[in-house]
């Protein structure tokens, strides 16, 4: 056998090895490149707590819609979670009216939104996962970059994600609700719960 023939056979074996390796990768790699999350507003909620001189004020806002995608390989995210700015309830109708009109300016800015852009961590197909979500939080028309630590539970195509973060709402342009002897903290603690379905 001459040198040319040996070289040709060697190349042929190399190509076959590459083909076999590529086939193994394709068979063992996930069949999806994105995870798509659709939020169920009825199972989702925003809770808030803000300190005040006469005791902490607690309440909720309604999540009106939301969906986003995640690229597991890179952590890149796109999408939007939307909260109804006029849905705030704290158990006091007079206070809630002032919050809706004076603080949230809901007639001008009817929605509060969060647009995720990056996930850092691991999302497991089942059970619990943790990570951080970076994105843009828009309040009374102004966008702010935030990072939210998240805990996620996945089971049977359904997910529940929870996260806590602090919003310095006064420095972000909202009216200070303090008056006379009544003092209110300038930051509000947000507890976010999102639930829905995930497809791949």
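The values are calculated or read from the model by the stated rules, or taken from the named source; none is laboratory data. Bear in mind the structure is a predicted one, so any value in this text is a computation, not a measurement. FYI the Cβ positions are ideal-geometry reconstructions off the backbone, even for glycines, and counts take in every protein chain you see.
Points to keep in mind about this one:
- Of all residues making up region 169-200, the number that are touching a residue at least 12 places away in the same chain (Cβ under 8 Å), exposed (fewer than 13 other Cβ atoms within 10 Å of the Cβ) and within 19 Å of residue 90 (Cβ to Cβ): 1
- Scanning region 152-168 for residues that are loosely packed, with under 14 Cβ neighbours inside 10 Å, under 17 Å from residue 127 (Cα atoms) and modelled with pLDDT of 95 or more returns a single hit, 158.
- Filter result for residue 124 (part of a strand (DSSP E or B), out of contact with any helix residue (DSSP H, G or I) (no Cβ under 7 Å at 6 or more places or on another chain) and closer than 28 Å to residue 35 by Cβ): no
- Of all residues in region 88-102, those satisfying the criterion of being surrounded by fewer than 19 Cβ atoms within 10 Å (Cβ to Cβ) and at negative phi are 89, 90, 92, 93, 94, 95, 96, 97, 98, 100, 101, 102.
- Tallying residues that are farther than 14 Å from residue 193 by Cβ and crowded, with 16+ Cβ neighbours inside 10 Å within region 35-48 yields 1.
- Some residue of region 91-103 being closer than 24 Å to residue 78 by Cβ and more than 13 Å from the chain's Cα centre (by Cα): no
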